[in-house]
Amino acid sequence: MCGITGYIGFREAKPIIIKGLQRLEYRGYDSAGIFLFDGKKLNVSKTKGKVADLEKILENKSTKGNIGFGHTRWATHGVPNDINSHPHTSQSGKITIVHNGIIENYDTLKKELISRGYVFQSDTDTEVLVNLIEEIKKKHNVKLGKAVQLALTNVVGAYAIAVFDVEKPNELVVARLGSPIAIGIGKDNSEFFIASDASPFIEYTKNAIYLEDEEMAVIKLNRDIRIRKIKSDSLVKHDIQELTLSLEQIEKGGYDHFMLKEIHEQPKAIIDTYRGRMLPDEGLIKMAGIDDNIDRFLNAKRIIIVACGTSWHAGLVGEYLFEDLARIPVEVEYASEFRYRNPIITENDIVIAISQSGETADTLAAIKLAKSKGAFVFGVCNVVGSSIARETDAGAYTHAGPEIGVASTKAFTTQITVLSLIALKLGKENGSLSTSDFRAYLHTMQLIPSKVEKLLKIDAQVKHIASVYKDSKNCLYLGRGFNFPVALEGALKLKEISYIHAEGYPAAEMKHGPIALIDENMPIFVIATNKGHYEKVVSNIQEIKSRAGKIIAIVTEGDVTVKAIADHVIEIPDTEEAFTPLLTTIPLQLLSYHIALMLDKNVDQPRNLAKAVTVE
Ligand code: M6R
């Protein structure tokens with residue numbers, strides 16, 4: 001995925017675009033570029049590297065302009081280098097484009113254009129699209145908007161694009177299919193902003209329109225925005241949305257990294273997620289998405305959870321929650337496997353799709369497949385108005401606030417919070433939970449944020465453990481029951497930001513293979529809280545000890561047995577077993593953060609990754 005932002009209006013475009021690109025850099029950061037129109041010609045600057053590298057190039061250029069757009073890239077077609085960076089310009093030099101997505105049939109289109117005399121500079125699918133637009137414009141003698149529309153009807157794939165033509169210097173054309181585009185509207189249409197999300201223009205306007213799939217907009221300065229369906233050509237009217245996002249939410253707020261800020265935001269994020277939904281004193285959980293569809297949930301034969309990455313781990317916690325608290329059978333699927341497996345789905349199934357970004361291509365495709373087979377699809381998303389939020393039949397937002405660090409932290413705990421609420425509610429409604437147990441769970445859940453707060457204070461201890469194990473080449477993470485997914489998540493956090501190989505396993509599975517890896521150089525992080533399978537995990541720890549492995553155990557306050565055997569222990573406050581993942585995950589997040597920092601890695605923007613994976 002990539003980030004796009006642009007401006008047309010009365011202000012100097014460059015600083016707005018550069019700041020916008022910095023805010024969108026979480027979407028991809030292997031190259032960056034900008035185009036500015038100085039009233040006569042297109043001025044394009046682009047480079048491999050980050051927005052900071054682009055800024056250095058721009059220091060030596062005096063180009064100005066009130067119209068322009070920029071791009072921060074996560075490479076799909078063509079390696080990250082200067083030439084493959086966006087924007088791409090048509091052969092005549094008149095039309096320029098930035099693109100987020102993939103043109104799947106670019107090869108066929110490219111061959112056709114080559115036969116018509118086009119010569120390509122880059123390996124990208126995007127350069128094919130801009131030349132296709134140029135070719136159609138010439139061939140059909142049409143203006144930019146029509147040429148973009150016709151070109152897109154020939155395209156297979158996904159896109160969010162912004163296009164400019166020197167022959168139409170007062171307009172920008174944008175379009176979307178599968179990748180987001182927000183349009184910020186200035187006062188009296190005197191300026192417009194475009195971006196992959198609203199963060200680049202939040203200090204300029206709170207009014208925005210979000211394009212739907214297969215829509216395009218021609219944005220005319222001092223006039224209006226005309227939105228139409230790409231295929232049917234019909235005009236569409238969108239309500240202007242008032243943005244609730246604040247500048248504070250998208251800045252680091254005194255923390256060195258977004259990841260650290262987001263780890264520390266978890267107590268508040270969990271409260272924000274259950275606020276207004278969980279009413280312990282009244283013994284109630286109110287969730288519109290569930291209440292409105294309660295019969296479907298109560299009659300569901302099973303729940304299938306689809307997600308990717310960390311969201312998939314939250315889904316696994318969800319499986320334990322639903323089965324334990326509501327006695328509903330659950331299957332948890334990688335969205336990428338589910339969509340290609342010809343899965344058996346019936347109208348009596350409920351599919352829950354979990355996604356922080358709401359833009360993950362595989363999850364979106366899994367939703368579409370499930371819907372086509374008649375299943376009811378419920379979304380658990382963080383980004384309001386995202387593609388997944390719109391595509392699902394009903395849903396519940398997590399209220400984590402913007403998550404910018406690529407490594408997911410508060411999204412995970414708030415997803416678990418939503419899944420806990422749903423499981424408790426269904427358990428209560430279907431009689432699996434007694435009223436008194438249900439109420440007790442709610443009161444216990446209400447104490448979780450203050451326990452997370454307490455855990456965040458053990459930072460110095462975690463930092464010490466990080467310093468001991470930071471040079472390890474491999475790590476194992478073990479957990480059982482509700483905490484098996486936390487072991488997977490702990491391992492994912494470590495590998496994605498520190499590049500240390502790490503594996504998560506159900507503790508009992510260790511003896512079926514991974515035990516062969518254990519020696520005195522292998523740190524093993526074991527979640528051994530006092531509920532569930534404590535004795536069994538203690539036996540697993542003994543097995544590790546006998547093979548000289550280093551044990552870092554996460555235990556419940558007051559533990560004695562594990563403390564006597566482990567090399568290091570981290571204590572978490574006591575709680576119900578079902579809620580322990582909300583606590584055990586915190587030290588593992590901090591540990592990964594500190595190790596990555598000690599290894600001098602880019603914590604917020606780890607190599608090869610992007611925040612939302614909008615390609616298959
Ligand atoms: O936006 P989503 O929750 O759908 O994203 C899914 C994964 O790409 C994401 O969780 C990824 O695994 C994170 N980088 C993990 O920290």
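The values are calculated or read from the model by the stated rules, or taken from the named source; none is laboratory data. This one's a predicted model, so the numbers in the text were calculated from it and none came from an experiment. No Cβ is skipped: glycine too gets one built from the backbone with ideal geometry, and neighbour counts run over all protein chains shown. All accessible areas refer to the heavy atoms of the entire protein, side chains included, with ligands and DNA or RNA removed. Shrake-Rupley method; radii C 1.70, N 1.55, O 1.52, S 1.80 Å.
Remarks
- Selected residue (criterion: nearest to the chain's Cα centre (by Cα)) from residues of the stretch 395-426 that are within 13 Å of the ligand (Cβ to nearest atom) and of a type in the set (D, E, K, R): GLU403
- Residue in the stretch 427-439 that is acidic (Asp, Glu), within 13 Å of the ligand (Cβ to nearest atom), open to solvent by 10 Å² or more (accessible area, probe 1.4 Å) and outside the structural domain of LEU494 (by TED's automatic domain parsing) present: no
- Scanning the stretch 475-510 for residues that are of a type in the set (D, E, K, R) and more than 13 Å from the ligand (Cβ to nearest atom) gives ARG480, GLU503, GLU509.
- Whether a residue is closer than 30 Å to GLY157 by Cα and without any contact (Cβ under 8 Å) to a residue 24 or more places away in the chain was assessed, and SER45 passes this test.
- For the stretch 440-455, the tally of residues that are surrounded by 17 or more Cβ atoms within 10 Å (Cβ to Cβ) and either among the aliphatic types (A, V, I, L, M) or not in a helix (DSSP H, G or I) (or both) stands at 5.
- Listed by first and then second residue, the pairs linking a residue in the stretch 52-63 that is within 17 Å of GLY20 (Cβ to Cβ) and open to solvent by less than 60 Å² (accessible area, probe 1.4 Å) to a residue that is polar (S, T, N, Q) and part of a helix (DSSP H, G or I), with Cβ atoms under 9 Å apart and 6 or more places separating them unless they lie on different chains, are ALA52/GLN22.
- Reported count of residues in the stretch 188-217, each being in contact (Cβ under 8 Å) with a residue 40 or more places away in the chain and over 22 Å from the mean Cα position of the chain (by Cα), is 9.
- Of the residues making up the stretch 1-36, those that are out of contact with any helix residue (DSSP H, G or I) (no Cβ under 8 Å at 6 or more places or on another chain) and assigned to a strand (DSSP E or B) number 3.
- Counted residues, the stretch 585-615 - those being among the β-branched types (Val, Ile, Thr) and more than 25 Å from ILE554 (Cα to Cα): 3
- Filtering the stretch 156-167 to residues that are at pLDDT 95 or above and outside any strand (DSSP E or B) leaves VAL166, GLU167.
- The single condition among (1) touching a Leu at 6+ places or on another chain (Cβ under 9 Å); (2) within 11 Å of the ligand (Cβ to nearest atom) that ILE345 does not satisfy is (2).
- Restricting the stretch 601-616 to residues that are surrounded by fewer than 20 Cβ atoms within 10 Å (Cβ to Cβ) and at pLDDT 85 or above, the residue that is nearest to the ligand (Cβ to nearest atom): LEU609
- Residue in the stretch 183-196 that is in a helix (DSSP H, G or I), open to solvent by less than 40 Å² (accessible area, probe 1.4 Å) and hydroxyl-bearing (Ser, Thr, Tyr) present: no
- Unmet criterion (only one of (1) open to solvent by 10 Å² or more (accessible area, probe 1.4 Å); (2) within 25 Å of HIS77 (Cα to Cα); (3) part of a helix (DSSP H, G or I)) for ILE133: (1)
- Residues that are open to solvent by 80 Å² or more (accessible area, probe 1.4 Å) and not basic (Lys, Arg) within the stretch 205-227 comprise just one, ASN222.
- Screening LEU177 with (1) buried (at least 23 other Cβ atoms within 10 Å of the Cβ); (2) part of a strand (DSSP E or B) gives one miss only, at (1).
- Each residue in the stretch 353-394 was checked for being away from the ligand (no atom under 13 Å from the Cβ) and either under 12 Å from GLN415 (Cβ atoms) or open to solvent by less than 10 Å² (accessible area, probe 1.4 Å) (or both), and 4 pass.
- Filtered residue count, the stretch 25-51, keeping only those that are farther than 16 Å from ASN602 by Cβ and open to solvent by less than 20 Å² (accessible area, probe 1.4 Å): 7
- Residue match in the stretch 54-68 (condition: within 30 Å of ASN154 (Cα to Cα) and outside any helix (DSSP H, G or I)): yes
- Residue check for GLU12: of a type in the set (D, E, K, R) and touching a residue at least 60 places away in the same chain (Cβ under 8 Å): no
- Any hit, the stretch 579-599, residues being surrounded by fewer than 17 Cβ atoms within 10 Å (Cβ to Cβ) and either within 16 Å of the ligand (Cβ to nearest atom) or within 30 Å of the chain's Cα centre (by Cα) (or both): yes
- The set of residues from the stretch 511-529 being open to solvent by 40 Å² or more (accessible area, probe 1.4 Å) and not small (Gly, Ala, Ser) comprises LYS511, HIS512, LEU517, ASP519, GLU520, ASN521.
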